[in-house]
Amino acid sequence: MVMLSLFPGLGYIFLGWMAGVVWPAAIWYGLNVLVSLRGLWLYHHFKSKLMGERELRRWCRKVMLFVYVFFLLWALIFVIYVRESSFNLHYIAIFTQIGATTVAASFLYPVPSLYRPIVPLMMLLLVIYFAGIGEWYGYVLSIFASILGGVLYYAASSTYSLLETTHRQAAHDLLTGLNNRQHFMERLQQMMMDLKETRGCSFLLLVDLDHFKTVNDSLGHAVGDRLLEEVAKRMRWTVPRDCCLARLGGDEFIVIGEEYLHTESCERHALELAEALLSRLKETYVVSGHRIYISASIGVRVFSHEEQDSGSLVREADIAMYEAKGAGRDGVVLFNEEVSRRVELHLQIERLLHFALENDEIRLCYQPIVDEEKCIVGAECLARWTSGTLGEVPPDRFIPIAEQTGLIIRLGEHILATAFSTLSKWHEQGLKLQQFSVNISVRQLLHHDFVDHVRMLAERFLLPELLNVVVFEITETVIAAEVRSVVAAMDELQHLGIHFSMDDFGTGYSSLSYLKQLPVKELKIDREFVRNVCDDGESQALISAILNIADTLGLMVVAEGIEREAEYLFLRNLGCRYFQGYHFSHPLDPDDFQRLMIPAHDQGLYERNGT
């Protein structure tokens, strides 16, 4: 616009000199230069810095004022020159006015508040001029000018509608109609710029639906899409109008909160909105004749004007959301220093775990399994990690990380090789067990060469009769996997002579129908039930039920986590026959376990059941 104004404007000074109106032309051009310089400054200001929403609004008001003054100057030169018939300057003025109106329709179409008044007013000057001629052709030209103005106005409006449609498609999610990731990131950047100006704070809520994949897999993607549409509607109704609601993709949604002056108020409103969303999203859905119940996990990240990286804010909200999932789902977690430290430790464990085997930091301990007479009848292999950097890392910390990262495959191979080697060594020294348990993860069990690897290790370390004492302990999470694949792998291993135990029974996905399908010979009662068994009626009822189920299905039962004599006696009286826990022995190194067994072995306590 500036270029189209300054260069043709020089010609008007020459034409003004010819027609004797050089000073009005010169003054007009001087004003034009000043306005153009203002326009260039506004353009440079926009390109040189990121602006928040408030600052952008102020900038837009200045640009609108610049545009109005810009076209007012071109209307002024029309008024000056259209009266000069000498040298036919009025024709040039008419052409210039048509050109200026065309420029307005071509350049201003993205902003209706500019082209809607400017295009009609610019053409109105021509209509008035032609009508003022007082001749028939003047009226005809006046009509033509009106039609041309309408065409230019229609062209600008149509182009704006097309631009608006294209922008909406680019900035919104096609399925739900919510803002998409790209538009959300732009809004987040604007909010961060606004906070730098006001020194305030805001928040992010990252919402992830729980078990949405199950809906897709069981009912189909069409039902899943309809469910997402219903979720989006409920979120629109719940989230305040001044917040920005977006779909990041899949079943993840995110909210940018309003602006607050104080962190405490911001945090309180964030948690209130998160709880309101949880409550609303849990209400029953009816989709294509299906009644669907889902919940959500929400991560909250409060941020202030001091934050610099929008990507980090989203990642930290995502971390808090996964903390909510890890805590049992259907909850809200606020990202804070404690969560940050946990995540940092998690990443450090993940990084160091890659080198734990190379540095020979993983060792195996063996915890005795005793019968009702407290005689050792078996052992469970337990992995322990002593890191050179972190010291002793509990297995409930590093085993889940190994499963998430896939390191459980290498770690499991090491554990199996070491365990089988130890069992073979004990057997050679005359120490015999009824049972030798090794924990196996679902990821290991479903790995494509797991069965072949177990077969290879068995041929390398174990005599055929020793395979019959090996028990692989699996958890109830196998039920959440593909059951057919699990059963197929278990059957192959069972043909080798290996048995299976269901660990932590009763805490997760327990199902009698699945238990009947899986070839297990033993149930292990989880320590959570054992801990309160003497005082808690519900725990007593659950353990009695497990014992009855096991008796009906012909399964052995081991109660783990025994820490007191009273627990042992109570469970023995209920009919439990095998026990494990600190009350009998802590997990021991191989040599210590061997020394513990030797006195009992000499007394013949292990010569039972023909072994």
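The values are calculated or read from the model by the stated rules, or taken from the named source; none is laboratory data. Keep in mind that what you see is a predicted model, and the values were worked out from it rather than measured. Positions of Cβ are backbone-derived with ideal geometry, glycine not excepted, and every protein chain shown enters the neighbour counts. Each accessible area value is taken on the protein alone, full model and side chains, heavy atoms only, with ligands, DNA and RNA left out. Shrake-Rupley method; radii C 1.70, N 1.55, O 1.52, S 1.80 Å.
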Open item on the list: Being surrounded by fewer than 18 Cβ atoms within 10 Å (Cβ to Cβ), farther than 20 Å from GLU186 by Cα and under 17 Å from the mean Cα position of the chain (by Cα) narrows it down to one residue among SER295, SER288; which is it?
Closed with: SER295
Open item on the list: Checking the structure you have, find out if any residue of region 348-362 is closer than 23 Å to LEU273 by Cβ and either in contact with a His (Cβ under 7 Å, 6 or more places away or on another chain) or open to solvent by less than 50 Å² (accessible area, probe 1.4 Å) (or both).
Closed with: no
- [ ] Could you tell me whether any residue of region 312-333 is in contact with a Pro (Cβ under 8 Å, 6 or more places away or on another chain) and part of a helix (DSSP H, G or I)?
- [x] no
TODO: Would you mind finding the one in LEU126, LEU141, LEU121, LEU162 that is more than 30 Å from GLY20 (Cα to Cα) and either part of a helix (DSSP H, G or I) or touching a helix residue (DSSP H, G or I) at 6+ places or on another chain (Cβ under 9 Å) (or both)?
DONE: LEU162
Open item on the list: One residue is enough: does region 445-453 have a residue meeting the conditions open to solvent by 20 Å² or more (accessible area, probe 1.4 Å) and in contact with a Lys or Arg (Cβ under 8 Å, 6 or more places away or on another chain)?
Closed with: no
Task: Conditions (1) part of a helix (DSSP H, G or I); (2) out of contact with any Asp or Glu (no Cβ under 9 Å at 6 or more places or on another chain); number of the one not met by GLU197 - done: (2)
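Matching residues to (1) farther than 20 Å from ASP503 by Cα; (2) at pLDDT 90 or above; (3) under 46 Å from the mean Cα position of the chain (by Cα); (4) assigned to a loop (DSSP other than H, G, I, E, B):
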site: ALA419; (1), (2), (3), (4): no, yes, yes, no
site: THR422; (1), (2), (3), (4): yes, yes, yes, no
site: LYS425; (1), (2), (3), (4): yes, yes, no, no
site: PHE436; (1), (2), (3), (4): no, yes, yes, no
site: HIS453; (1), (2), (3), (4): yes, yes, yes, no
site: ALA458; (1), (2), (3), (4): yes, yes, yes, no
site: GLU465; (1), (2), (3), (4): yes, no, no, no
Task: Residue satisfying condition, being within 18 Å of ARG199 (Cα to Cα) and open to solvent by 10 Å² or more (accessible area, probe 1.4 Å), within set GLU259, GLU229 - done: GLU259
Task: Tally, over region 538-585, of residues that are of a type in the set (Asp, Glu), open to solvent by 50 Å² or more (accessible area, probe 1.4 Å) and within 42 Å of the chain's Cα centre (by Cα) - done: 2
Task: Sole residue being in contact (Cβ under 8 Å) with a residue 60 or more places away in the chain, surrounded by 14 or more Cβ atoms within 10 Å (Cβ to Cβ) and closer than 29 Å to THR198 by Cβ, chosen from GLY52, GLY39 - done: GLY52
Open item on the list: Residues that are assigned to a helix (DSSP H, G or I) and either out of contact with any Lys or Arg (no Cβ under 9 Å at 6 or more places or on another chain) or more than 18 Å from LEU334 (Cα to Cα) (or both): does region 240-262 have at least one?
Closed with: no
Task: Of residues in region 92-113 being open to solvent by 20 Å² or more (accessible area, probe 1.4 Å) and not in a helix (DSSP H, G or I), the one farthest from ARG61 (Cα to Cα) - done: TYR109
Open item on the list: Would you confirm, using the coordinates I've provided, whether LEU89 is touching a residue at least 12 places away in the same chain (Cβ under 8 Å), touching a helix residue (DSSP H, G or I) at 6+ places or on another chain (Cβ under 6 Å), hydrophobic (A, V, I, L, M, F, W, C) and open to solvent by less than 50 Å² (accessible area, probe 1.4 Å)?
Closed with: yes
- [ ] Filter region 216-268 for residues that are touching a Cys at 6+ places or on another chain (Cβ under 6 Å) and among the β-branched types (Val, Ile, Thr) and give the result.
- [x] VAL255, ILE256, THR263
TODO: Kindly indicate the residue of region 126-140 that is under 17 Å from TYR81 (Cβ atoms) and surrounded by fewer than 20 Cβ atoms within 10 Å (Cβ to Cβ) and also modelled with the highest pLDDT among those meeting that condition.
DONE: ILE128
Open item on the list: Residues to consider are THR386, THR418; find the one that is more than 27 Å from LEU571 (Cβ to Cβ) and free of Cβ contacts under 8 Å to residues at least 40 places away in the same chain.
Closed with: THR386
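Condition check ((1) buried (at least 19 other Cβ atoms within 10 Å of the Cβ); (2) modelled with pLDDT of 95 or more; (3) in contact with a His (Cβ under 9 Å, 6 or more places away or on another chain)) across all residues:
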| site | (1), (2), (3) |
| --- | --- |
| GLN189 | no, no, no |
| LEU195 | yes, no, yes |
| LEU205 | yes, yes, no |
| HIS211 | no, no, no |
| GLY224 | yes, no, no |
